[in-house]
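To start, the structure itself, in structure tokens.
The values are calculated or read from the model by the stated rules, or taken from the named source; none is laboratory data. Everything numeric here is computed off the predicted structure, so don't read it as measured data. Note that we place each Cβ from the backbone using ideal geometry, even for glycine, and neighbour counts take in every protein chain shown. What goes into the accessible areas is simple: the full protein's heavy atoms, side chains included, and nothing from ligands, DNA or RNA. Shrake-Rupley method; radii C 1.70, N 1.55, O 1.52, S 1.80 Å.
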Amino acid sequence: MDNLIGKTLDGLYTVNELIGTGGMANVYKAVVGPGGPVPEGTVVAVKVLRQELMHDPDLVRRFKNESKAISLLNHPNIVKVYDVSVSDNLQYIVMEYVDGMTLREYLNERGGKLTSRETVHFISQILRALDHAHRNGVVHRDIKPQNIMLLDNGQLRMMDFGIARISRAENQLSGGKAMGSVHYISPEQAKGDETDFTSDLYSVGVMMYEMLSGHLPFDADDVVEVAIKQISDQPKSLRELAPGVPVGLVEITERAMAKRPENRYKSAAEMLAALNAYVENPAIVFNYTYLPDEIPEKVVETPMPRKETRPERGTAPAKGRKKKKRTVFLPALFGITVAFALACAVLCWVILNDSSTLMSEKADVVLADYSGMTQDEVNASEQVASGQIVINWEQAYSNDYAAGYVYRQSPVAGRTVREGQSVTLTVSLGIQYVTVPDVTNYVQADGEQQLKNLGVSVLITQAVDTSVAAGSIIRTDPAAGSQVPAGSTVVVYVSRPQVNTTAKVPSLVGLKSVSDARSVLVQNKLGLGSTTEQYSNQPAGTIIGQSPSAGSTVKVNSRVSITVSAGPQPVQEPTPEESSSSSSSTSGDWWSGLIGGGSSSSSGDSSSSEGTSLSDWWSSLLS
């Protein structure tokens, strides 16, 4: 049994069960006790560095990097971090517990392929999360569907910054090794080269490619072979794999997956802007241009020799022309010499008279990280208080930082600058809230534009509401009048025509042919079922019965069986023997009836019976 299950970490987090394992850490489900960073009883996920790796300095460094990286992040599409504990005996991160499925599981449920609309919905959330992470200097470097959780409401949560690095600190990959899932890593990551924000965008492009086509761009049995393909091969055209995908989405995917980082989007925000442009106009064509994948070596062209004019045979060189050529060249050479001498004189004068500026010994300053500080804290910091840097203050709204805290720095922390350098810090004004307007009964385009003008994202979904005209807005979620942060998503429900799924069975009885019955059924969105024949007094071919009966309500495309008249049943002619027997029997019956209705019998009592009947008949006649 795991030795952490049942224990309480630092008196705050009671570990209940192991819910996941990884190469460097195990993830446990735990409950927060009194004094924790969130209310008591809250279920959290605790990521603990595995005990056997505590003495591996590289893995410890990476775990600390993750702790530092994700502690900077606070975004609705990134798993929240509540606490970080790093000690000699135990290192763990306390995170939001996300109850849902991974994006990989969702893809598998859908057969590995999503619609264009679903793809844009998911990729937009991923890009918003990456934009936040990149602005805080964090590169994920392991973006894949397995590291993204999907909640029931369709919202994504990015997680597992296990090999993320702080871009302004450790620039080099550990040991030159490619890190991350080989099917999604960028070419430079596969080569073990330096990575930056565009490496994450390449991984996002691979996910888009997979979502839209149902296939990975590169696959093989050997991971090394996949890495080589990432570096050198071009994937099969998305236009060929998924011809139904709009051109704009294909272009966005191809740009994100460009081999050269210079050909990709410069930032997650730029790629998100392209997606938003596609949403507004699905027919958009970007017509991107690209630098060649391989930069050719610079070729220094040899100057072409001057073409000399040879004198014709039998003639002497033109002395006058040669003398003229010399007189043009010498003044030009003299002018260049004079200009060079003047330039040298000016340079010497500047050096001698401004040596105090050029030769000054200003100290280099490595900028501290002021993100998350208040203005007073910044002013009290060593670099600002000592005058090593000068602060320019700006203010702007931020959904990610509370009011009064620095959330943007330029130049970024970790940059080396000269003493006295100006640094611009942007202080958050807090979340900018906007009021959702009432766009009920607006035409979709008008209501959507009104919402976008407020700075919110719009997600369109359709619903049936007979009280609202088709193409008009039924309602929004959040509802009209609600206060929402700028940049959040408002779901707009648009009315669509109601599609009938049932039909009434028409009357087919009396129709003159099966063909007529089939035509009537098709007009009523039904089909012809089995056909049987039956004798009747109706003309042959006439419909005399049906099932289900006329007026019944059935599902559209249901089958109706019919009974067709085969005409009157034919009368069979009797044989001669049957005719003779019938005639004799008829005569006997007649006589028997005439004399009193007695039946003939083969018994000995027959004569007595006949005598009695005749006597009775005669007596009644005389009387």
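Taking the Cα centre of the stretch 465-557 as origin and charging only Cβ (+1 Lys, Arg; -1 Asp, Glu), how large is the dipole, in debye to the nearest 20?
On the way: 7 positive and 4 negative charges, 14 e Å.
The dipole magnitude comes to about 60 debye.
Given a 1.4 angstrom probe, I'd like the percentage of the accessible area of the stretch 236-283 that is carbon and sulfur, rounded to a whole number. List each step's numbers first, then the result.
Values: 1120 of 2010 Å².
Answer for the stretch 236-283: carbon and sulfur cover 56 percent of the accessible area.
So which trypsin sites (Lys or Arg not before Pro) in the stretch 200-268 pass both tests, a DSSP loop state and at most 12 other Cβ atoms within 10 Å of the Cβ? List each step's numbers first, then the result.
Numbers: sites: Lys229, Lys236, Arg239, Arg255, Lys259, Arg264, Lys266; in loops: Lys236, Lys259, Arg264, Lys266.
For trypsin sites (Lys or Arg not before Pro) across the stretch 200-268 that sit outside H, G, I, E and B with at most 12 neighbouring Cβ atoms in 10 Å, the list reads Lys266.
Do the alpha carbons of any pairs in Lys80/Lys266; Lys29/Lys80; Lys236/Lys266; Lys29/Lys113; Lys113/Lys452; Lys266/Lys452 sit beyond 21 Å of each other, and which pairs?
Numbers: Lys80/Lys266 27 Å; Lys29/Lys80 15 Å; Lys236/Lys266 24 Å; Lys29/Lys113 32 Å; Lys113/Lys452 29 Å; Lys266/Lys452 24 Å.
Those over the limit are Lys80/Lys266; Lys236/Lys266; Lys29/Lys113; Lys113/Lys452; Lys266/Lys452.
What's the local net charge at Val492, with K and R +1, D and E -1, over the other residues with C-beta under 9 Å away? Show your work: numbers first, answer last.
Values: positive: Arg475; negative: Glu448, Asp477.
So the environment of Val492 carries a net charge of -1.
Measuring from label point to label point, each 7 Å out along Cα→Cβ, what is the Gln155 to Thr532 span in nm?
Placing both labels 7 Å beyond Cα along the Cβ direction yields 6.1 nm.
Which of rounded, prolate or oblate describes the stretch 208-284 when judged by the alpha-carbon gyration tensor and an a/c cut-off of 1.5?
Details: a/c = 2.72, a/b = 1.52, b/c = 1.79.
Cα axes put the stretch 208-284 in the oblate bin.
How high is the relative contact order of the stretch 414-549, given as a whole-number percent (alpha carbon pairs under 8 Å, six or more residues apart)?
Numbers: 189 pairs, mean separation 29.5, N = 136.
Rounded, it is 22 percent for the stretch 414-549.
At 37 °C and 0.692 mPa s, grab the translational diffusion coefficient of the stretch 469-559 from Stokes-Einstein with a Kirkwood Rh over Cα pairs, rounded to a whole number in µm² per second.
192
Could you report the stretch 394-437's accessible area per residue, 1.4 Å probe, as an integer in Å²? Kindly include the intermediate steps, with their values, before the conclusion.
Numbers: 2230 Å² over 44 residues.
Per-residue value: 51 Å².
Using the heavy atoms of the protein chains alone and a 1.4 angstrom probe, what is the accessible area of the stretch 192-278 per residue in square angstrom? Let's see the in-between values first.
Details: 3320 Å² over 87 residues.
Heavy-atom SASA per residue in the stretch 192-278 reads 38 Å².
Leaving ligands, DNA and RNA out of it, report the carbon-plus-sulfur percent of the accessible area of the stretch 465-542 at a 1.4 Å probe.
On the way: 2240 of 4490 Å².
Answer for the stretch 465-542: carbon and sulfur cover 50 percent of the accessible area.
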